[in-house]
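Asks: To start, I am sharing the structure in question, which I have written as structure tokens.
No value in this document is a laboratory result; all are computed from the given coordinates. Nothing here was measured: the structure is a model prediction, and the numbers come from that model. Cβ coordinates were reconstructed from backbone atoms using ideal geometry, including for glycine residues, and neighbour counts include every protein chain displayed.
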Amino acid sequence: MLELRDIDAGYDGFQALFGVSMQVAAGEAVAVIGANGAGKTTLLRVISGLLPASAGEMNMESVSLRAIAPHRIVEAGIAHVPEGRRLFPRLSVESNLKMGAFAPAARARFAERLDYVYSLFPRLKERRAQLAGTMSGGEQQMCAIARALMSGPKLVLLDEPSMGLAPVIVHQVFDLVRRMRAEGYTVLVVEQNVSQVLKIVDRAYLLEVGRIKTSGPAAELLASDEIRKAYMGL
Amino acid sequence: MDCHLDIFFLEAVLNGILLAGLLALLALGLNLIFGVIDVVWICYAELVMVGMYGIHHAYKAGVPFPVAALIGIVLIALAGAALHHLVIRPVLDSAPINQLLVTGGVLFLLQAAATMAFGIDFKNLGIRLGSLGFAGMSFSWSRVITFVVALASMLALWLFLSRTYIGTAIRAIAQDRQIMPLMGVDSRRVYLITSAIGGGLAGLAAALMVLQYDIYPQIGLQFGPLIFMICVLGGLGNMLGGFIAAFIIGQFIAIGGSCMATEWGYATAFLFFMVAIFIRPQGLFAAKS
């Protein structure tokens with residue numbers, strides 16, 4: 001479904017990704033793990049067009065992502081739940097969801113998808129008129145995911161969904177990721193919480209200083225001594 | 001000083017409210033632009049001035065007034081979009097002082113161009129609408145109409161911003177610029193539309209002002225500082241704050257003008273503004289942090 005080949009990217013005078021290649025197949029859940037500053041967030045930003053790649057190829061199904069404008073990438077079926085959730089704090093929950101359905105094709109199905117995300121997250125329906133910035137961290141994460149689903153994506157990019165949340169809420173968020181898979185979404189998730197995320201994905205890539213160091217089935221990585229030592233503190 | 005709580009005082013208060021409707025409309029355009037694009041159009045009142053000349057010329061050429069007004073609104077909406085495209089976009093990421101300076105440059109450019117093109121005479125449409133007598137008081141129809149149209153258009157803008165997709169995007173972009181592409185929003189298009197709306201509001205204000213005021217190239221200097229003061233008082237970028245501030249300033253001008261002299265009305269309004277800003281530098285109703 002998603003394929004990256006030899007992607008380079010960076011910020012002013014600083015290269016953050018070096019020749020990254022990866023694939024995500026339809027229906028899979030894939031994690032990108034790695035230390036702080038390894039380039040995980042940069043990788044998602046490149047896929048969703050927030051940051052242009054400087055070299056390489058990137059395709060979503062048959063669409064070349066590097067050839068289209070950043071605001072068109074969501075129409076190719078990719079929704080990005082950014083790090084720190086990034087809701088519009090002074091818009092209501094429902095206005096936030098409306099923004100998720102901004103693309104023309106999504107507008108036509110707004111009512112139907114609103115019912116759908118409210119059925120997934122009844123809490124959001126209760127709070128639909130509340131300003132998004134006044135909700136708890138866990139509720140905001142639900143809202144951010146719901147906003148992403150409003151575009152009708154095939155692939156959902158999740159950036160550190162557990163960040164800044166209390167441990168009991170972190171559990172719920174990982175359950176949420178499981179449910180998204182059950183609903184048929186393909187998921188690419190970036191996490192620092194390596195031991196937890198490897199339990200809910202099929203495969204993972206390990207990113208180190210902007211390069212893919214290794215990749216494989218989640219169970220294999222979970223059992224690897226090297227990864228247990230370096231990323232789980234075991 | 002000659003002030004009693006009599007019918008003249010009540011008349012001054014009501015006239016202040018009518019004036020505030022126009023001031024609120026003027027402040028709304030500037031606040032919308034600042035809230036969304038984070039740039040102050042110092043030349044806002046000069047756009048109004050150009051609109052007034054445009055409407056004047058169309059009307060004098062035989063176009064019926066409502067059509068002339070519509071031409072003025074469309075003309076200044078296009079001017080707003082052009083201002084954004086040609087002047088603001090190149091300095092969008094520059095220091096605020098540079099943005100002020102370029103729009104300040106546009107201010108003097110428009111003023112000089114208007115002086116060259118239209119001369120320095122005061123021009124008037126010559127439309128007389130008479131006045132409305134009410135309980136022993138008298139209010140000019142042009143002010144009443146201005147007030148009603150200004151309020152109706154503000155309500156329409158509020159509905160647009162709260163109900164439509166593009167309106168929601170306009171509010172959202174002021175809160176988080178960077179992630180707009182993730183929503184499928186082309187920020188450049190939202191800025192252009194916002195600029196056209198801000199210009200359209202200036203054009204509408206021009207259409208209302210030609211019914212009340214003479215037109216001359218420096219009329220922007222009469223209104224510009226007042227509009228800017230109202231926006232700052234209400235908290236720059238805060239549309240509701242600007243609305244309330246317009247009514248406060250309207251009362252200073254009307255009551256001060258009625259009890260003392262018109263000039264004193266403006267003087268007390270600015271004095272109040274200075275004291276208010278000493279106490280609350282972020283504006284009375286600041287929402288943006």
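Asks: Is there a residue in the range A:36-54 that is in a strand (DSSP E or B), touching a helix residue (DSSP H, G or I) at 6+ places or on another chain (Cβ under 9 Å) and of a type outside the set (S, T, Y)?
Replies: no
Asks: Now a separate question. Which one is surrounded by the fewest Cβ atoms within 10 Å (Cβ to Cβ), of the residues in the range B:44-61 that are assigned to a helix (DSSP H, G or I) and among the small types (G, A, S)?
Replies: Ranking the candidates gives B:A58 first.
Asks: In the range A:141-179, which residue that is among the polar types (S, T, N, Q) and not in a helix (DSSP H, G or I) is surrounded by the fewest Cβ atoms within 10 Å (Cβ to Cβ)?
Replies: Among those that are among the polar types (S, T, N, Q) and not in a helix (DSSP H, G or I), it is A:S162.
Asks: Do we find that A:S54 is without any contact (Cβ under 8 Å) to a residue 12 or more places away in the chain and on the phi < 0 side of the Ramachandran plot in this structure?
Replies: So A:S54 fails the test.
Asks: Something else: Which of the residues that make up the range A:197-223 are buried (at least 17 other Cβ atoms within 10 Å of the Cβ) and polar (S, T, N, Q)?
Replies: A:S215, the sole residue that qualifies.
Asks: How many of the residues making up the range B:146-176 are more than 7 Å from every other protein chain (Cβ to nearest Cβ), surrounded by 15 or more Cβ atoms within 10 Å (Cβ to Cβ) and not in a helix (DSSP H, G or I)?
Replies: 1
Asks: Here's something else I'd like to know. Would you pick out the residues in the range A:89-120 that are surrounded by 21 or more Cβ atoms within 10 Å (Cβ to Cβ) and more than 22 Å from A:I73 (Cα to Cα)?
Replies: A:L91, A:V93
Yes/no per residue for (1) outside any loop (DSSP other than H, G, I, E, B); (2) more than 20 Å from B:D186 (Cα to Cα):
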site	(1), (2)
A:E75	yes, no
A:A79	yes, no
A:E83	no, yes
A:S95	yes, no
A:F102	no, no
A:L114	yes, yes
A:Y118	yes, yes
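Asks: Checking the conditions here, which among A:E139, A:E160, A:E126 is farther than 17 Å from A:L188 by Cβ, among the acidic types (D, E), away from chain B (no Cβ under 13 Å) and within 18 Å of the chain's Cα centre (by Cα)?
Replies: Result: A:E139 is the single residue among A:E139, A:E160, A:E126 that is farther than 17 Å from A:L188 by Cβ, among the acidic types (D, E), away from chain B (no Cβ under 13 Å) and within 18 Å of the chain's Cα centre (by Cα).
Residue-by-condition table, conditions (1) part of a helix (DSSP H, G or I); (2) closer than 26 Å to B:S140 by Cβ; (3) touching a Phe, Trp or Tyr at 6+ places or on another chain (Cβ under 6 Å):
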site	(1), (2), (3)
B:F9	yes, yes, no
B:L19	yes, yes, no
B:N31	yes, no, no
B:W41	no, no, no
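Asks: Here's another thing I want to ask about it. With the structure loaded, tell me whether B:I179 is more than 18 Å from B:G242 (Cα to Cα), within 14 Å of chain A (Cβ to nearest Cβ) and under 23 Å from the mean Cα position of the chain (by Cα) or whether it fails that test.
Replies: no
Asks: If you scan the range B:185-241, which residues turn out to be surrounded by fewer than 20 Cβ atoms within 10 Å (Cβ to Cβ), under 21 Å from B:L151 (Cβ atoms) and within 14 Å of chain A (Cβ to nearest Cβ)?
Replies: B:L240
Asks: Conditions first: (1) in a helix (DSSP H, G or I); (2) more than 22 Å from the chain's Cα centre (by Cα); (3) basic (K, R). A:R90 passes all but one, so which condition is the exception?
Replies: Every condition holds for A:R90 apart from (1).
Asks: Tell me, which residue of the range A:65-86 that is within 8 Å of chain B (Cβ to nearest Cβ) and crowded, with 22+ Cβ neighbours inside 10 Å is nearest to the chain's Cα centre (by Cα)?
Replies: A:H80
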